[in-house]
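Chemist: Pasting a structure below so you can have a look.
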Amino acid sequence: MKLFIHGVPDTPHLWEPLISVLDLSENDYRAPALPGFGCARPAGFSATKEAYTDWLVGQMEDIGGGIDIVGHDWGALLTLRAVSLRPDLVRTWCVTNAVIDPEYRGHAMARRWATPILGELVMLGMRNKKRLLPAMIAGGMPKSLAKKEVPLIDKTMRQSILDLYRSADGLRFLDDWVNGLANLPQRGQLFWGETDPYVDLSVAKRFSERWNVPLHVETGAGHWACAERTTEFAALLQSHWA
C-alpha cells in the first residue's frame, strides 16, 4: 500500500498529479488529510507534532504493514518520525524537501508562525485570498495547485499551523526526534528541489551523508518539486519501490 502525507499549508490535492502519473487505483494508495487541513479538526486534537505523529502512526497501523510511504514538507518530518517509531510497518520510505535536522533553524515564515502575536498577525494577512494566491505562487507553489489549496486555508488550518509550529519551536528538532532516525529502515530515498527557498539543499545533503540515504536533486525545481516534476518523481518512486 502506498501512503502519501502532505505538508503545510497543503491538502491531499498536492498528490493528485503524481498519483495520476503513477496510474494508481483507489485500492493501491491512501492520501489522507492532516486533521485540520482542508477538513475538520477533531474535538480535543491538540495539533502538536506529537499529536500528528500519533495520528500518522494510527494511519499506518490501520493499513497493517508493507507500506511504501511518501511525505512532503511537514508530511516528510512526520513520516520520518512515524517510520522511526514503527519501522516494522514500512517497506520503503521517501521524503521530499524537508528532513529532521538538529542544525536547521527553520525558515523565516516558520519562525514568525512560532512567535505568539506575530504569528496571529501573519495569519490575519493570510485571510486575504486575492493576495495569498500570488504570494504562494511566488513562493514556488505551482499555479494549478495553488488555485486548489489557497481556498482551503481557512481558520481551522491557520490555527492548526500555529499550534504545530509552536510545538516544534518553529522547526527545531532535538533529542528523541533526531536520535530516533537511527531506527529508519534502509530502503529510504530523498527527492529535493534544488532551489527550495525554505529548506536549503545543503540540509538534504547533510541528512543524506549522515544517514546514508540516496539523494535525488531536481535542477531548477523548488519546494514543491514533487508537484512540479511529477514525471521525474514518479519514475524515481517506481524504481525505488521495485
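The values are calculated or read from the model by the stated rules, or taken from the named source; none is laboratory data. Keep in mind that what you see is a predicted model, and the values were worked out from it rather than measured. Ideal geometry is used to build each Cβ from the backbone, glycine not excepted, and the neighbour counts take in all protein chains shown. Surface accessibility is based on the protein's heavy atoms, side chains included, excluding ligands, DNA and RNA. Shrake-Rupley method; radii C 1.70, N 1.55, O 1.52, S 1.80 Å.
Chemist: Tell me which residues, restricted to region 9-26, are over 15 Å from residue 230 (Cβ atoms) and among the small types (Gly, Ala, Ser).
Modeler: Selection gives 25 alone.
Chemist: Report yes if residue 132 is in contact (Cβ under 8 Å) with a residue 40 or more places away in the chain, assigned to a helix (DSSP H, G or I) and buried (at least 17 other Cβ atoms within 10 Å of the Cβ), otherwise no.
Modeler: No; evaluated as a whole, the condition is false for this residue.
Chemist: Here's something else I'd like to know. So if I check each of 236, 152, 174, which one is open to solvent by 30 Å² or more (accessible area, probe 1.4 Å) and farther than 19 Å from residue 74 by Cβ?
Modeler: Going through 236, 152, 174 in turn, just one is open to solvent by 30 Å² or more (accessible area, probe 1.4 Å) and farther than 19 Å from residue 74 by Cβ: 236.
Chemist: Tell me which residues, restricted to region 40-61, are free of Cβ contacts under 8 Å to residues at least 40 places away in the same chain and in a loop (DSSP other than H, G, I, E, B).
Modeler: Listed by number, the residues that qualify are 42, 43, 44, 45.
Chemist: Separate question: What is the residue count in region 90-123 for residues that are of a type in the set (A, V, I, L, M, F, W, C), over 19 Å from residue 47 (Cβ atoms) and open to solvent by 10 Å² or more (accessible area, probe 1.4 Å)?
Modeler: Of the residues in region 90-123, 3 are of a type in the set (A, V, I, L, M, F, W, C), over 19 Å from residue 47 (Cβ atoms) and open to solvent by 10 Å² or more (accessible area, probe 1.4 Å).
Chemist: Another question, then. Please tell me if residue 134 is over 22 Å from residue 78 (Cβ atoms) and over 17 Å from the mean Cα position of the chain (by Cα).
Modeler: yes
Chemist: Restricting attention to region 136-144, does a residue exist that is open to solvent by less than 70 Å² (accessible area, probe 1.4 Å) and either aromatic (Phe, Trp, Tyr) or more than 26 Å from residue 203 (Cβ to Cβ) (or both)?
Modeler: The answer is no, given that none of the residues of region 136-144 is open to solvent by less than 70 Å² (accessible area, probe 1.4 Å) and either aromatic (Phe, Trp, Tyr) or more than 26 Å from residue 203 (Cβ to Cβ) (or both).
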